[in-house]
Each structure stands twice: as structure tokens, then as C-alpha cells.
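Colleague: One structure follows; several queries about it will come next.
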């Protein structure tokens, strides 16, 4: 029996956490062999040097030595050129049968491009989704570069089909992030706060806010509105650093201004299971992370989604959308904390993003797909 080699390149703590159940399922398969690479934010001390977390889970991970050298669009473009060069050097001589791609980040777009020209069938997860930023463009470009599509929802699958993709290439599997939430035992609240070395509190606000590429110059100002809003509630606040996207360092500098504030507990990065536990136990989550939209409903955690970064993503009913204005953010947080009718409705919210079995569906399809010319030869369907 032929064992197919399947590779994945992780660029951030976030994508690694989301993909860990899929990667573990591949690793356990008797029909697939995992080749894991790490690059980008994983290698940057200012974002927690999370390569250690990756190698803790997968000791055979190979490093592609490319990092973001500046906090602007030029830095992102420069990274893409450097990364493509190093990626091809790393995988060009590997005998790969498939390349896995997640979502929409620059690492993923470059990986899809290189795989296309190397003749490696590309498998895309979380395609067909709508957002507002440059990620929207990258995601749909990756779809057109990919040979198989694992969509999270029926709507996403339909959008992929309307991009001219063959129906047989598209599979609705749900969001892999829910596989951990719904199937694994997460740290207790006591274990969580012991690990983080912060006082155990009944209530706290979780904050994770990324920059928007099209609004780089406003990143610090936008974060200040969020910081001032959560400070107004006089509750403990757990803050996680943003991604390394353009404008991210401006957000970090705004966060650092609160490092002597006893109410603020600031972390560059966290292991995914502890982040999920934080998400589960938070009184309210404030920011603009896709995890807030996709994962939080499984915990019935109220989310205040700030700004337009997630515009277009379906929501499960536990999200209040606001602009970058302190008063709006405060009002939404207060509703999330004190509106008894809203809190009762949250307990009945169902997560529309999946059922916790995405990984097994993904591995089954990859294991059974015929690796032939039909997979690589694409033509738009209309």
C-alpha cells in the first residue's frame, strides 16, 4: 500500500492551534505521512518564539528561516519574496503528494503558489469565506490555486463552486478548531490560572485585537478605544498580542502602556489549549479575531466584535458587532455581562461552524482520493 506524503507549513500560533487536530489525525493514519514545517511568527521572540510549542507536539518539524522584518506592507511583501525562495529550497527536493493550506495568510498564499508550479496537489481548508480585508483577496486566490477544498459551511462550499471549481473537488467538513473544543479535555479554570500565574477571578475580559491591513495608520488609535473601554469596566483583563501583520507592532506598543496596570495580564502567546480555556471561562471576549466568530459559540461565550475585520463571516448568535468607539464597546460589554435575557439566549446558542469531526472527514477524503492527472488538471466550470 502506497503511503502518501502530506506537508503543512505553519506560520503562526493561531494556524497551528487550529490545525493541530488535523495534523495529529494525519500522523496517526496508516495511509498518510506528515511532513511539518514552521516559519514566520513561530521564529520571532517578540511573539513568543512559538516554534518551541510546535516542536513539543511534533519533534520532527523542519524550520524555514523567514521572518517579518518590518511592520508595514513593504515588510509583508518582502517576507513573501524571502519565504518563497526558502520554501522552494525546503520542499523542492521532497517527494510530496499533497500540500495542506489553511485560510488566507501570506504564508499560505505563497505556499499555494509554489505548490502549483511544483506540481504538488494543494488542499485548502476554510476557503470560500467572506471577510473584509486583504485576507479576502488572498483566500479566493488560494482557492483558484488549490485542487481540493475542505469548506467549513454549506455557504462557503457554494461560494467555492461559484468560483468555477468542480463539485467533486469540494467537501463540507466543518471547522477543525471545534475538534479540540468538542472532543478533548481542556485545562480547568484553576489549572489555567495556575499556568498563567495570575489571580483566580470569577470574571475577566479577554482581549485579542489584530490590525487591519487597509487601516494600518489607525491600528494604535483603534486599540486605544478598546483598551479604554475595557478599563472602564474595572474588571481583570487578559490581553494576547496580535499577529505580526502590518500595524501589529503599533497595537503591541499600545498594550505595553498597560504593563504596570494590576488589572491587566498581558501575554505574547499561549499554548492553544490554554487559549481555548481562556476563551471558555471569559465573561466576555473583546476584539476582532476569527476565533471569536468561529469557536466562541461552542463555549456560549459572549463576544464583542470590534470593527470590520470579520465583516461577512456567519455568526452563531453570541456576537455583538460594534465600531471602533469606546462608548459602543462599553455598551456592548455591559450587555454581555448584565443583560439577563441576552445571557439566557446565549445558553441556547448552537455553533454553526461544525460538529467536532472535521479532522476525520479530512483524513478520510485525502486517504481515498485518486492521486492522478485529473486532480491536477483544472479548468473553470463555466
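The values are calculated or read from the model by the stated rules, or taken from the named source; none is laboratory data. Here the structure is a predicted model, which means the values were calculated and not measured. Note: ideal-geometry Cβ built from the backbone for every residue, glycine included; neighbour counts use all protein chains shown.
Colleague: Provide a single number: the residues in segment 303-317 that are farther than 14 Å from residue 208 by Cα and either crowded, with 23+ Cβ neighbours inside 10 Å or over 19 Å from the mean Cα position of the chain (by Cα) (or both).
Modeller: Residues of segment 303-317 farther than 14 Å from residue 208 by Cα: 308, 311-317.
Applying the additional criterion that residues be either crowded, with 23+ Cβ neighbours inside 10 Å or over 19 Å from the mean Cα position of the chain (by Cα) (or both) yields 317.
Residues flagged as farther than 14 Å from residue 208 by Cα and either crowded, with 23+ Cβ neighbours inside 10 Å or over 19 Å from the mean Cα position of the chain (by Cα) (or both) within segment 303-317 amount to 1.
Colleague: If you take the residues in segment 212-233 that are over 16 Å from residue 328 (Cα atoms) and at pLDDT 95 or above, which one is surrounded by the most Cβ atoms within 10 Å (Cβ to Cβ)?
Modeller: For segment 212-233, the residue satisfying everything is 219.
Colleague: Among the residues in segment 76-83, are any assigned to a helix (DSSP H, G or I), in contact (Cβ under 8 Å) with a residue 12 or more places away in the chain and surrounded by 20 or more Cβ atoms within 10 Å (Cβ to Cβ)? Spell out how you get there, then give the answer.
Modeller: Within segment 76-83, the subset assigned to a helix (DSSP H, G or I) is 76-83.
From the residues that got through so far, the ones that are in contact (Cβ under 8 Å) with a residue 12 or more places away in the chain too are 76, 79-80, 82-83.
Retained after the next criterion (residues that are surrounded by 20 or more Cβ atoms within 10 Å (Cβ to Cβ)): 79, 83.
Yes - at least one qualifying residue is present in segment 76-83.
Colleague: Evaluate segment 354-373: report whether one residue or more is surrounded by 20 or more Cβ atoms within 10 Å (Cβ to Cβ), at pLDDT below 95 and in a helix (DSSP H, G or I).
Modeller: No, because not a single residue in segment 354-373 is surrounded by 20 or more Cβ atoms within 10 Å (Cβ to Cβ), at pLDDT below 95 and in a helix (DSSP H, G or I).
Colleague: Right, next: Name the strands (runs of 3 or more DSSP E) wholly inside segment 266-345 in which the number of residues that are in the same structural domain as residue 208 (by TED's automatic domain parsing) and more than 30 Å from residue 54 (Cα to Cα) is 3 or more. I'd like the intermediate steps shown before the answer.
Modeller: Numbers: elements: 284-287, 303-306, 319-322.
Here the list reads 319-322.
Colleague: Quick one: in segment 28-54, which of the residues that are surrounded by fewer than 16 Cβ atoms within 10 Å (Cβ to Cβ) and assigned to a helix (DSSP H, G or I) is farthest from the chain's Cα centre (by Cα)?
Modeller: My answer is 28.
Colleague: Could I ask something else about it? Being assigned to a helix (DSSP H, G or I) and surrounded by fewer than 23 Cβ atoms within 10 Å (Cβ to Cβ), is that true of even one residue in segment 120-127? Steps first, please.
Modeller: Taking segment 120-127 and keeping what is assigned to a helix (DSSP H, G or I), we get none.
Looking through segment 120-127, none of the residues is assigned to a helix (DSSP H, G or I) and surrounded by fewer than 23 Cβ atoms within 10 Å (Cβ to Cβ).
Colleague: Oh, and also: For residues that are under 22 Å from residue 26 (Cβ atoms) and exposed (fewer than 15 other Cβ atoms within 10 Å of the Cβ), tally how many sit in segment 63-75. Talk me through it step by step, then tell me what you get.
Modeller: Of all residues in segment 63-75, those under 22 Å from residue 26 (Cβ atoms) come to 63-64.
Within this subset, residues satisfying the condition of being exposed (fewer than 15 other Cβ atoms within 10 Å of the Cβ) are none.
Total satisfying the criteria: 0.
Colleague: I'm trying to understand the selection: among the residues of segment 243-273, which are touching a strand residue (DSSP E or B) at 6+ places or on another chain (Cβ under 9 Å) and more than 20 Å from residue 220 (Cα to Cα)?
Modeller: Across segment 243-273, the qualifying residues are 263, 270.
Colleague: What tally of residues in segment 258-284 results from selecting those that are over 16 Å from the mean Cα position of the chain (by Cα) and within 18 Å of residue 353 (Cβ to Cβ)?
Modeller: Of the residues in segment 258-284, 1 are over 16 Å from the mean Cα position of the chain (by Cα) and within 18 Å of residue 353 (Cβ to Cβ).
Colleague: Of the residues in segment 128-151, how many are at pLDDT 95 or above, under 21 Å from residue 308 (Cα atoms) and outside any helix (DSSP H, G or I)?
Modeller: 2
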